[in-house]
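Below is one structure, written out as structure tokens; comments come after it.
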Amino acid sequence: MTQAAQSIKPVVQIGQNGLTESVLSKINESLNAHELIKVKFLEFKDEKQEISEEISESSESALVRIIGNIAIFYKPSEKEEKRKYGILF
């Protein structure tokens with residue numbers, strides 16, 4: 001899964017306002033559209049593990065890995081024919 005994430009760019013950034021409802025909404029939209037996404041931490045770098053776990057729980061996704069200040073999340077498409085990665089956690 002980490003290899004599949006190498007070619008994608010972060011679609012959401014955690015900035016000075018932290019994890020807001022609008023950020024969570026964007027994460028959910030992105031996961032539903034792409035299954036595998038990256039979230040970049042511009043701020044709150046010391047809390048990235050806790051925030052990533054909160055994102056994972058809130059979005060019902062799997063936290064694949066944190067590399068540097070980027071967290072990788074995976075949520076399989078609800079429609080089997082739309083699944084790009086075919087991996088279920």
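The values are calculated or read from the model by the stated rules, or taken from the named source; none is laboratory data. Quick caveat, the model's predicted, so the values are computed rather than measured. Note that we place each Cβ from the backbone using ideal geometry, even for glycine, and neighbour counts take in every protein chain shown. The area values use the complete protein model at the heavy-atom level, side chains included, leaving out ligands, DNA and RNA. Shrake-Rupley method; radii C 1.70, N 1.55, O 1.52, S 1.80 Å.
Which is charged (D, E, K, R) and modelled with pLDDT under 95, of Glu47, Glu81, Glu54?
Answer to the selection: Glu81.
Kindly list, by first and then second residue, each pair from a residue in the range 3-20 that is over 17 Å from Val64 (Cβ atoms) to a residue that is surrounded by 13 or more Cβ atoms within 10 Å (Cβ to Cβ) and of a type in the set (Lys, Arg), limited to pairs with Cβ atoms under 9 Å and residues at least 6 apart or on different chains.
Gln13/Lys40
Pairs under 7 Å by beta carbon, first residue at negative phi in the range 21-34, partner open to solvent by 50 Å² or more (accessible area, probe 1.4 Å) and assigned to a helix (DSSP H, G or I), six or more apart or different chains?
Leu24/Ser58
Yes or no, residue by residue, for (1) part of a helix (DSSP H, G or I); (2) open to solvent by less than 50 Å² (accessible area, probe 1.4 Å):
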{"site": "Gln3", "(1), (2)": "yes, no"}
{"site": "Ser7", "(1), (2)": "no, no"}
{"site": "Ser52", "(1), (2)": "yes, yes"}
{"site": "Ile66", "(1), (2)": "no, yes"}
{"site": "Ile72", "(1), (2)": "no, yes"}
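Scan the range 9-45 residue by residue and report those that are in a loop (DSSP other than H, G, I, E, B), open to solvent by 60 Å² or more (accessible area, probe 1.4 Å) and among the acidic types (Asp, Glu).
Glu43
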